[in-house]
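Below: the structure, in structure tokens.
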Amino acid sequence: MSRLPIRARLTLAFAAAMAAVLTATGAFVYLRLGRSLDEALNQGLSARADDVAALARQAEAGLREGGGRLVGGEESFAQVIDERGAVIDATPQVPARLLSDGELARARRGTVLVDRSGDGDLTDPVRLLATPVRAQDQELVIVVGTALDDRNDALGSLRTQLFLGGPIALLLASLAGYALSAAALRPVESMRRRAEAISAAQAGSRLPVPRARDEVSRLGETLNAMLARLEEALARERRFVSDASHELRTPLALLRTELELALRRPRSADELERAVRSAAEESERLAQLAEDLLVIARSDQGELPLRASRVSVREVLAAVAERYVSRAREAGREIAVDAGPGVTLVADELRLAQALGNLVENALRYGTGTIGLVALERDGSVELHVTDEGPGFPPAFLPRAFERFSRADEARGRGGAGLGLAIVEVIARAHGGTAGAGNRSGHGADVWLALPKARAAPARSL
């Protein structure tokens, strides 16, 4: 059943429901008609029994003479039975007694209805009504009857019509159900054909959505929204691969050039050392870029590992400042740490230091003046700010500051791969926090991580 097409399943379900409805309706009509006919027959028998009882009380004329006015033709008949069980009067059609001894005994106690099939003196099915009556100074039993041919013929005709008309009605209803299900599923089939034709090379293709505001149209809108998200993700991945290829190509080309120059002709020890140092720098840049790409890839897969523990924010900021203090002094700059000794976080200390290191790296590369490492407690979270006194971010760059390979125009060509802030946001999200960037009211840039103080996000395994 589950392997059948949906329209076939809908048609079968509709046909089963219609079969149940038609059967129940036919049974109701059949039983209701039978009951109505029985009630009419019983009322007619009761009326004729009253007439025969009146005739018996008069004792002027027997049923053979006066019964013709009370019963009609061969279909109705009557008998009068005395206390001894003998038929003392009867219509000509049934000279023998109609009731058995047991039925007669019950009739003396009250009115009795008896159905008889065609046997004995009666060739056709009949219904008898027997009722006691006091007449002619004795307890008599009046028996009246009527043939059931008309009742049975009416029920038989209805039964035939139901057996013939029911399947035809079920067939027509099933065909209508199939047509309706086909019409209802036609938009789905149209969407399926369009989806089959959509490929990665057809940007902007969407599924046709029916005009009716129903479940199918909402499904189409949902699928189109999903296609838009997939297109955006695909475009982002293409940009990621393109930018990664571009960033990898530059250090690889420089590394190859340094090695080719070193091998082109005999070199002095100093020249070879400079070439090796330059190659080592490019190798380090390649290693760092590969590590950054690995962090982003793991984050996209939800597998960025965290080894969370309670850490002192001041110690983490001080360790990051110590790592970059030599470079800052060479550039004539300072690194200042501003954090209370009691501020702690449940976080991965190495990942936290990695994010802060990226921010300090950007401040050294693009900013000027003192670099500030500041910790602020706000509403159950801790904000870790890295500030500088440089020109700040271009306003147009701020909305895409944390996008991968995104760099301000003035920073192009100054050695950055555009992954530093993206790594910062990835680490912040892995801890259940957020990252932000802006310009200070005076001058300089301000980039921060806002992390929950009470707990970090659950660590993810590799």
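The values are calculated or read from the model by the stated rules, or taken from the named source; none is laboratory data. Every value quoted in this text rests on a predicted model; they were computed, and no experiment measured them. Because the Cβ atoms are built from the backbone with ideal geometry, glycine has one as well, and the counts that use them run over all protein chains shown.
Observations
- Candidate set from segment 391-404 (those that are of a type outside the set (D, E, K, R) and surrounded by fewer than 17 Cβ atoms within 10 Å (Cβ to Cβ)); member that is farthest from Val447 (Cα to Cα): Ala396
Results for (1) at pLDDT below 75; (2) assigned by TED's automatic domain parsing to the domain that holds Val426; (3) touching a helix residue (DSSP H, G or I) at 6+ places or on another chain (Cβ under 7 Å), shown as yes or no for each residue.
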| position | (1), (2), (3) |
| --- | --- |
| Arg239 | yes, no, no |
| Ser245 | yes, no, no |
| Pro251 | yes, no, yes |
| Ala262 | yes, no, yes |
| Arg274 | no, no, no |
| Ala280 | no, no, no |
| Leu286 | yes, no, yes |
| Ala290 | yes, no, no |
| Ile296 | yes, no, yes |
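Each row is one residue, and each column tells you yes or no for (1) modelled with pLDDT of 85 or more; (2) not in a helix (DSSP H, G or I).
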| position | (1), (2) |
| --- | --- |
| Ile142 | yes, yes |
| Leu155 | yes, no |
| Thr160 | yes, no |
| Pro167 | yes, no |
| Leu175 | yes, no |
| Arg192 | no, no |
| Ala195 | no, no |
| Gly220 | no, no |
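- Test: residue in segment 117-129 that is assigned by TED's automatic domain parsing to the domain that holds Ala54, closer than 20 Å to Phe77 by Cα and assigned to a helix (DSSP H, G or I): no
- Members of segment 345-376 found to be touching a residue at least 60 places away in the same chain (Cβ under 8 Å), assigned to a strand (DSSP E or B) and out of contact with any Gly (no Cβ under 8 Å at 6 or more places or on another chain), listed by number: Leu345, Val346, Ala347
- Among the residues of segment 218-235, those identified as exposed (fewer than 14 other Cβ atoms within 10 Å of the Cβ) and of a type in the set (A, V, I, L, M) are Ala225, Met226, Ala228, Leu230, Ala233, Leu234, Ala235.
- In segment 1-42, residue surrounded by the fewest Cβ atoms within 10 Å (Cβ to Cβ) [restricted to those that are of a type in the set (S, T, N, Q) and at pLDDT below 90]: Ser2
- Cβ separations smaller than 7 Å between residues 6+ apart or across chains give the following pairs from segment 15-31 residues that are assigned to a helix (DSSP H, G or I) to residues that are surrounded by 12 or more Cβ atoms within 10 Å (Cβ to Cβ) and among the basic types (Lys, Arg): Tyr30/Arg159.
- The set of residues in segment 346-381 that are acidic (Asp, Glu) and within 21 Å of Ala401 (Cβ to Cβ) contains only Glu361.
- Of the residues examined, Ser199 is one that is small (Gly, Ala, Ser), part of a loop (DSSP other than H, G, I, E, B) and at pLDDT below 80.
- Selection count, segment 199-216, where residues are surrounded by 15 or more Cβ atoms within 10 Å (Cβ to Cβ) and not charged (D, E, K, R): 4
- Scanning segment 43-58 for residues that are under 24 Å from Ser157 (Cα atoms) and surrounded by fewer than 15 Cβ atoms within 10 Å (Cβ to Cβ) yields one hit, Gln43.
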